[in-house]
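Read the figures in this text as sums done on the coordinates, not as results from a lab. If you're wondering where the values come from, they're calculated on a predicted model, not measured in any experiment. Methodologically, a virtual Cβ is constructed for each residue, glycine included, from the backbone with ideal geometry; neighbour enumeration extends over all protein chains shown.
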Amino acid sequence: MVALVGRPAWAVLAIVLFAFGLVSFSIGLHAEAAHADEAFAMKLVEAAREQRTVPVIYDPSYRKLEYPMGDVPWFVGVCTDVVVRAYRKLGIDLQPLVHRSGLGSGDRNIDHRRVVVLKKYFARYGRSLKVSSDPKDYDPGDLVTYYLPDGTFSKTHIAIVSDKETLEGVPFVIHNRGYGVREEDWLFGSEITGHYRFAREPNIEGWTSEEK
């Protein structure tokens, strides 16, 4: 800590102004980062919301995909495909990211489409947030995973938190639990097993923001 006692008044003033400038600069950086995170989250929500207009058949069967940017036919999808397709609209291809992370089985056709693998990936490369019953803890763009004890196709599930809320202030989620992509009041529809936030720079070669 810089000692101020015995220093000329002008020196003390200079030190105080310098410290104030550092604090202001730091606050400005944090505010800018927070704004960027919020903007990214809203774009992710919109990318997921757009999928509601596309009729898809819930089909969890294994398929051989191209790599990278491999996808099942547009009329097919499961809960993880909502997430994968939303991130691709933002220039982020989870398929190679998950594959290169080594957190899955090594099968680049399916690892990025498995909730258990995405949980590990988001926990390591994103932010793992607390699981709670307080709706205020969940922000738009957050990723929430679930355990479905009565799941017909799978016991695991993932959804994206929406910016829309119920009258009681509970956020909607955007997901596909077997009936197509929907935006609905289901945040606490089943046991929550994970809560994450993930954003990064685009990794799709040649992608530009205008493509969204």
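Values as computed for the structure displayed
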{"item": "Virtual spin-label span in nm between Ala39 and Ser132, 7 Å along Cα→Cβ", "result": "2.8 nm"}
{"item": "DSSP-defined antiparallel bridges as percent of all bridges, region 36-211, nearest 5", "result": "95 percent"}
{"item": "Distance from region 177-205 to region 64-95 (C-alpha centre basis), Å", "result": "14 Å"}
{"item": "Theoretical FRET efficiency, 1/(1+(r/R0)^6), r = Cβ-Cβ of Ser101 and Asp59, R0 22 Å, to 0.05", "result": "0.30"}
{"item": "nm² value of the averaged projected area, convex hull over the Cα atoms of region 118-212", "result": "7.5 nm²"}
{"item": "Under 25 Å between alpha carbons - lysine pairs in region 36-211 that sit 8 or more apart or on different chains", "result": "23"}
